[in-house]
Amino acid sequence: MKARTIVVIVLVLAAFMGVVVWSTLSAAEVECEVCLTFNGREVCRLGRGPSEAEALQAAQESACGGNAPGMAELIVCRGRVPDRAQCF
């Protein structure tokens, strides 16, 4: 390949990676922490999203994922009301 072709490919890839990083970071405008007790354990996790509702949902999904060992428990955990929830 010619050096010019390689430079163009590198620039296109760098621009694409920049767009991906920018869109990922700009979408997460709200950060929330959710604490919930499930199976006798309290777990607190952070979640980010473009809205408060989506950030709270992401935080609850994360907390349940580390606290519920199976699919049935995960479904029950997702339906629980958090002990604490706050957004920043």
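Here is how the numbers come out for the structure above:
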quantity: Extension gain from residue 5 to residue 23, taking 0.36 nm per residue of separation minus the Cα-Cα distance; calculated: 3.8 nm
quantity: Residue 35-residue 80 pseudo-label distance in nm [points 7 Å out on the Cα-to-Cβ vector]; calculated: 1.4 nm
quantity: Computed E for residue 61/residue 13 - FRET, C-beta separation, R0 30 angstrom, nearest 0.05; calculated: 0.40
quantity: Nearest-20 debye value, the chain charge dipole, Cβ charges on Lys, Arg, Asp, Glu; calculated: 460 debye
quantity: Residue (of 47, 37, 23) at the positive-pole extreme of the chain, dipole from beta-carbon charges; calculated: 23
quantity: Linear extension gain, residue 42 paired with residue 73, 0.36 nm per residue minus alpha-carbon span; calculated: 9.7 nm
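Each value in this text was obtained by applying a stated rule to the coordinates, not by laboratory testing. Just so it is clear, the model here is predicted, and its values are computed rather than measured. A quick note on method: Cβ atoms are made from the backbone with ideal geometry, for glycine too, and the neighbour counts reach across all protein chains shown.
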